[in-house]
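Working notes for the structure below.
The values are calculated or read from the model by the stated rules, or taken from the named source; none is laboratory data. Source: prediction; values computed, not measured. For neighbour counting, all protein chains shown are included, and Cβ atoms are generated from backbone atoms with ideal geometry for every residue, glycine included.
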Amino acid sequence: MKSFFTSFFAAILALFVFSFVGVLLLIGFAAAVSSDEPTAVPTNAVLVIDLADNFTEKEVSDPFTELMNPGAGKVPSLTTVIGLIQHAKKDSNIKGIYIKCQQNSNGYASSEELRKALVEFKKSNKFIFAYGETISQKGYWVGNVANQIYTHPQGGLEFSGFSLETVFLKGMLDKLDVEMQVFYAGKFKSATEPFRYEKMSDANKLQTGVWLNGLYDHFINTVASARQIAPEKLKSMANEAKIQSAQDALSNGLVDGLIYDDQLKKMMSKKLNGVKENDIPFVSMKEYAKSVPLRGTGAGKIAVVYADGDIVMGKGVKGSIASDDFRMILQKIRADASIDALVLRVNSPGGSALASDIIWREIELIKGKIPVIVSMGDVAASGGYYIACGADSIYADANTITGSIGVFSVVPNISGFMKNKIGVTFDGVKTATYADAPTSTRPLNAMEQKMMQSGVDSIYNTFKSRVAKGRKKSMDFVDSIAQGRVWLGSDAMNVGLVDRIGTLNDALASAAKMAKLKGYSVKSYPESKSFIEDLIEDYKDYVKVKSIESEIGASQWQIFQHLKTVQQMVGAPQARMPIFVVKQP
């Protein structure tokens, strides 16, 4: 027995020591990986912009990828990339830019910000080359800004126009005996159409056609300007399916040549004073971000709050705009006397109407003390517009999707499915007439339906009143441009929902001017966590997500995420954009 306890406690001690040493090694390795020591930019360098990287509103940090492959786990934010392009314009070590434009993971507003920064870079007389074995339309949107754009001889260019497709669930729900009880305000509010119809309503087709064609016209006009081809000719290329091969793209003037990767490097070599093609120092955006610390100068301070993701109640997860988290952030900014102005960067399709109002209130309280400017990203619609509408000034990109001022709520009735398909019924006892309302285990009665619709109408009226106050418009006028209608940024400016077309940098310049700042630094919120904090906090979610995704596949995981969003919609009034778009331009 004595030898058993000796062996047992020895094993426990060994396990403890092993774990302790392992943790120390992990922390040491993590500290080494997370080192922010700047690295020198080599001379005759070429800055590489890979559009397959999704440059989100804040830097993406995957601590596990970073551990396994240092440098690969961090993708700089869109703001950082724009700043780096601006810095590269005057960086003597950077001789040109190479755009990899095979795919483009960024939205159209983000792509337009990248494009504008590259147009400014060209004024330095440094070269820009763009290349893709095959080039997507969205990749071409940015890539055609280059001095020369090339594709592979056996590759090609997608040039077929834009399309949008939505999944409709009503037929399936009918077969399952599931009734979706829908309450909405706004004839254009299309988020619930997949539950109500088997195809798009006329109102939805009208609004979608307007903004989709507006987006397409902007694409055509930028190509026309870059390639010196008439817009009508470009549209006929798409309508007549003329671009079917790489040779078609070349013959019609959309690319400058059909070459291989080694030939492209030879061209760059000639631009780099004879640097051998195999010795060209390519610098990725991730590497350049480490080399160039972007810091503002001056005594002023501007807070930039990134509202990126779905708007939800309570505490949220990474990638959401949670009411409790953002209320604390905004209260902290309001209490900080050193902050001279606030820029709210909104990239959100909306979500909870109540959470949107909580955040709107905090913005109102800040606006009474310091200037508040909104900068809209790819989408700032419904709840995303709700939190923006009270700002002193609103900037949007011409391609921002915004508006969608409307409200809806959904209560499913699953009693038919449960009884007729699997033989399950429900019964119970209650102390008051509406104690169990709303419930999904029976249909809502007439009074309950009236209460649900009344609640939606009340919130919609409040939403419109917030917009009327913030935009200094009458309620009747707001109602005429609301009704859940989606607007493209350029059209939103024409109807008064937006003040100016501009980038985040334009919004920052406006905030500095309103606050009378000669110079300023930027403080970003939510505040970035350390590598160790990210590693510890993300571990549980990372393992859970990766294990489920590996079992069911990436596409099924996306469907699962959509179902979670639908679950959030049940019973709670929503100010949200449609979520069932499966094919985007």
(message) Give all pairs with beta carbons closer than 7 Å in which a residue from segment 159-178 that is under 23 Å from Trp211 (Cβ atoms) meets a residue that is surrounded by fewer than 17 Cβ atoms within 10 Å (Cβ to Cβ) and of a type in the set (D, E, K, R); count only pairs at least 6 apart in sequence or on separate chains.
(response) Ser163/Lys583; Leu164/Lys583; Glu165/Lys583; Phe168/Glu198; Phe168/Lys199
(request) Provide a single number: the residues in segment 421-458 that are assigned to a helix (DSSP H, G or I) and free of Cβ contacts under 8 Å to residues at least 40 places away in the same chain. (result) 8
(message) Here are the criteria: (1) within 21 Å of Ala355 (Cβ to Cβ); (2) out of contact with any Leu (no Cβ under 9 Å at 6 or more places or on another chain). Tell me which single one Gly428 does not satisfy.
(response) (1)
(request) Any chance you could count how many residues in segment 467-478 are in contact with a helix residue (DSSP H, G or I) (Cβ under 6 Å, 6 or more places away or on another chain) and touching a residue at least 12 places away in the same chain (Cβ under 8 Å)? (result) 2
(message) Looking at Leu254, Leu250, can you tell me which residue is surrounded by 14 or more Cβ atoms within 10 Å (Cβ to Cβ) and assigned to a helix (DSSP H, G or I)?
(response) Leu250
(request) Would you check which residues across segment 322-355 are more than 22 Å from Gly368 (Cβ to Cβ) and under 17 Å from the mean Cα position of the chain (by Cα) and list them? (result) Ala322, Asn347, Ser348, Pro349, Gly350, Gly351
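Here's the yes/no breakdown for (1) in a strand (DSSP E or B); (2) within 30 Å of Cys389 (Cα to Cα):
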site: Gln244; (1), (2): no, no
site: Asp262; (1), (2): no, no
site: Lys266; (1), (2): no, no
site: Val275; (1), (2): no, no
site: Glu287; (1), (2): no, no
site: Tyr306; (1), (2): yes, yes
site: Lys315; (1), (2): no, yes
site: Ile321; (1), (2): yes, yes
(request) Residues being surrounded by 17 or more Cβ atoms within 10 Å (Cβ to Cβ) and farther than 25 Å from Asp53 by Cβ: count how many of those fall in segment 276-300. (result) 1
(request) Give segment 353-396 a look and list any residue that's in a strand (DSSP E or B) and out of contact with any Leu (no Cβ under 9 Å at 6 or more places or on another chain), or say none. (result) Met376, Asp378, Val379, Ala380, Ala381, Ser393
(message) Against the definition (over 24 Å from the mean Cα position of the chain (by Cα), within 22 Å of Phe159 (Cα to Cα) and not small (Gly, Ala, Ser)), how does Phe129 come out, yes or no?
(response) yes
(message) Filter segment 279-323 down to the residues that are more than 25 Å from Ser110 (Cα to Cα) and modelled with pLDDT under 90 and list them by number.
(response) Thr297, Gly298, Ala299, Lys315
(request) Please indicate, with yes or no, whether at least one residue in segment 494-507 is in a helix (DSSP H, G or I), in contact (Cβ under 8 Å) with a residue 12 or more places away in the chain, touching a Gly at 6+ places or on another chain (Cβ under 9 Å) and under 30 Å from Phe55 (Cβ atoms). (result) yes
(request) Return only the number of the condition from (1) in contact with a strand residue (DSSP E or B) (Cβ under 7 Å, 6 or more places away or on another chain); (2) under 20 Å from Asp479 (Cβ atoms) that Leu206 does not satisfy. (result) (1)
(request) Only residues that are buried (at least 17 other Cβ atoms within 10 Å of the Cβ) and free of Cβ contacts under 8 Å to residues at least 40 places away in the same chain: list them for segment 257-268, please. (result) Lys265
(message) Residues to consider are Met447, Met418, Met452, Met475; find the one that is buried (at least 20 other Cβ atoms within 10 Å of the Cβ) and not acidic (Asp, Glu).
(response) Met452
(request) Scan segment 461-488 for residues that are in a loop (DSSP other than H, G, I, E, B) and in contact with a strand residue (DSSP E or B) (Cβ under 7 Å, 6 or more places away or on another chain) and jot them down. (result) Arg485
(message) I'd like the full set of residues that are farther than 18 Å from Trp360 by Cβ and not in a loop (DSSP other than H, G, I, E, B), limited to segment 397-418.
(response) Ile401, Phe408, Ser409, Val410, Val411, Pro412, Asn413, Ser415, Gly416, Phe417, Met418
(request) Could you please let me know if Lys271 is under 22 Å from Asn125 (Cβ atoms) and free of Cβ contacts under 8 Å to residues at least 60 places away in the same chain? (result) no
(request) Out of Lys546, Lys540, Lys529, Lys523, report the one residue that is surrounded by 15 or more Cβ atoms within 10 Å (Cβ to Cβ) and modelled with pLDDT under 60. (result) Lys529
(message) Exactly one condition in (1) touching a residue at least 24 places away in the same chain (Cβ under 8 Å); (2) outside any helix (DSSP H, G or I) is false for Asn125; which is it?
(response) (1)
(request) Residue by residue through segment 323-352, note down the ones that are small (Gly, Ala, Ser) and either under 18 Å from Tyr306 (Cβ atoms) or assigned to a helix (DSSP H, G or I) (or both). (result) Ser323, Ala335, Ala341, Ser348, Gly350, Gly351
(message) Exactly one condition in (1) over 30 Å from Val407 (Cα atoms); (2) out of contact with any Leu (no Cβ under 8 Å at 6 or more places or on another chain) is false for Gln103; which is it?
(response) (2)
